[in-house]
Amino acid sequence: MKIPFPLLAADIGGTNARFALFAAPGAAPVALPAQTTAAHATFEAAVRAALARAPAAPASMLACAAGPVQGRTVKLTNADWLIDGLALAAALDLEQGLLFNDFEAQALSIPALKPEWLRPIGAARAGAPGPRLIHGPGTGLGTAALVDAAGRWLAVASEAAHSNFAPGTAREIAFWPFVERSHGRLTPETLISGPGMARLHRALARCDGLGAPDLQSGDIIARALADSGSREADTVRAFWTLAARFAGDMALAFVATGGVILAGGILPRVLDLLDAAAFRATFEDRAPYTEFARRIPVSALVEKDTVLHGLAGVAAEPERYAIDYAARGWR
C-alpha cells in the first residue's frame, strides 16, 4: 500500500484533537492548531479548522482515536464524534487514509521512540525479546501491545480498561464502596483516568468522613504538586498505586517481556509524586509470577505527541507493519 505525502497525522482524544503535517517521509512535523473536541460537531469540522493554517493540503491522513475501531470507522468512547474514513477521504479529497485505535497507534509508534523520551521507573533494565506494552490514562485509559509478527510490527489493541476492577489493599477496601460508578460499573478506567482521579479524590474524602470536594484532575494535580502533604497529593499517590497494579496485570496478560511504557496525559504530569520503589513493589506483586514481573522494565513516556511521529513512520514504511491495508485503507 502506498501512502502519499504530504501526510496529516491526527491524534483524537476525548477532550482534544492534535494534528501535525509531514511534508515528506522523515521530514520534521509542522504542528497545526489543536482542536477541542467539544467545540466541533464533527471530526471533519475540526480537521478543516486545523488545516486553515496549514502550509499545504494533505494527500493522505493517518488518524488515531480514543475508541474501538470497526473497519474504517470509530465512535469515540468519551465524546460524540463518529469518524468515518471513507466519508473523510471523499470530503477532504484525500488519496489515502487509515484509522487506528489511539493505543493501537501508540503501540505502532514504539519503534519511533527515542531513548530520551522515556524515563525509567525503578532500576533501568533492558527489555527481553517479546511483546512490548504501552498504556496509560488520559480522558480514558488505553492499553495495547506491539509484537514482532514474522519480521513486521503488529499492534494488538485492547479494551481491557473496561473490564472489572477490584481493591487490593486495606485502604482500597475501605474507600471502594464510596467510588461513584461509571455506566453502573467499576472498571479500571473508572478510577485510572482524568475523570477517575476526581472520583478517587471524592471517594477518599467520603471514606474519611469529609465533604466531597468538587475538583477536576487538573486542580488535584496542581494542589498535589504545590503541597506534597496535602490530601490531593495523597490522592495522586493512591492513583499511582492503582496505575501500578493495573500495569502489572496487563504485563501478565500480554506477557510483556519487552517492557511496559506508561503514556497518556496524566501520569507524566505527576512523576514528581511517584515513589518508584512503591510502584515497582505493586507492579511486581504477582505471585506466583513475581520473578517474572521483576524482570520487566517500566518507563514513562515524557515527550508529547510522539504518536504523531509514529503515524508518520507507518506512512513512510508501510511494509514494516502488519496491517490489513486492503480492509482498512480509505481508497
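Nothing in this text is a laboratory measurement; each read-out follows from the coordinates by a stated rule. Since we're looking at a predicted model, the values are computed, not measured. Cβ sites come from the backbone with ideal geometry, for glycine too, and all protein chains shown count toward neighbours.
Per-structure values
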| quantity | calculated |
| --- | --- |
| Ellipticity estimate at 222 nm from DSSP helix runs (n ≥ 4, -39,500 (n - 2.57)) divided over the chain, nearest 500 | -9500 deg cm²/dmol |
| Segment 119-187 - Debye-derived log10 I(q)/I(0), Cα point model, q = 0.17, 0.18 Å⁻¹ | -0.88, -0.93 |
| Gain on full stretching of the segment that runs from ALA287 to ASP93 - 0.36 nm per residue minus C-alpha separation | 64.4 nm |
| Inter-label distance for LEU82 and ALA45, nm, one decimal - labels placed 7 Å from Cα along Cα-to-Cβ | 1.6 nm |
| Charge context of GLY248, other residues only, Cβ under 10 angstrom, K/R +1, D/E -1 | 0 |
| Among beta bridges that DSSP assigns inside segment 115-301, antiparallel share in %, nearest 5 | 70 percent |
| Solution diffusion estimate, µm²/s, Stokes-Einstein, segment 255-302, Kirkwood Rh from C-alpha pairs, 10 °C, viscosity 1.306 mPa s | 137 µm²/s |
| Cα Rg, Dmax (largest Cα-Cα span) when computed across segment 272-331, Å | 18.5, 50 |
| Order of THR241, THR290, THR139 - criterion: other Cβ atoms within 10 Å of each residue's Cβ, fewest first | THR290, THR241, THR139 |
| Length released on extending from ALA222 to HIS183, taking residue separation times 0.36 nm less the Cα-Cα span | 11.2 nm |
| Dipole magnitude of segment 115-301, debye to nearest 20 (Cβ charges: Lys/Arg +1, Asp/Glu -1, about Cα centre) | 240 debye |
| Given charges at Cβ of Lys, Arg, Asp, Glu: the chain dipole, positive-most of ALA160, LEU146, LEU51 | LEU146 |
| Alpha carbon Rg of the chain, scaled by the compact-globule rule 2.2 N^0.38 Å | 1.00 |
| Stretchable slack from ALA276 to GLU319, in nm (0.36 nm times residue separation minus alpha-carbon distance) | 11.6 nm |
| All-pairs alpha carbon distance profile, segment 227-331, 5 Å steps from 0, percent | 2, 10, 17, 17, 15, 13, 11, 8, 4, 2, 1, 0 |
| Segments 152-163, 175-186 sorted - mean Cβ within 10 Å per residue, highest first | 152-163, 175-186 |
| Distance histogram in 5 Å bins (all Cα pairs of segment 115-301, percent per bin) | 1, 8, 17, 21, 21, 15, 9, 5, 2, 1, 0, 0 |
| Pairwise label distance in nanometres, ALA149 with GLN70, each label 7 Å out on the Cα-Cβ vector | 2.2 nm |
| Cβ-based exposure ranking for SER193, SER230, in which fewest neighbours within 10 Å come first | SER230, SER193 |
| Cα-based helix-to-principal-axis angle, 217-226 vs the chain, degrees rounded to 10 | 60 degrees |
| For ARG202, ARG295, order by how many other beta-carbon atoms lie within 10 Å, fewest first | ARG295, ARG202 |
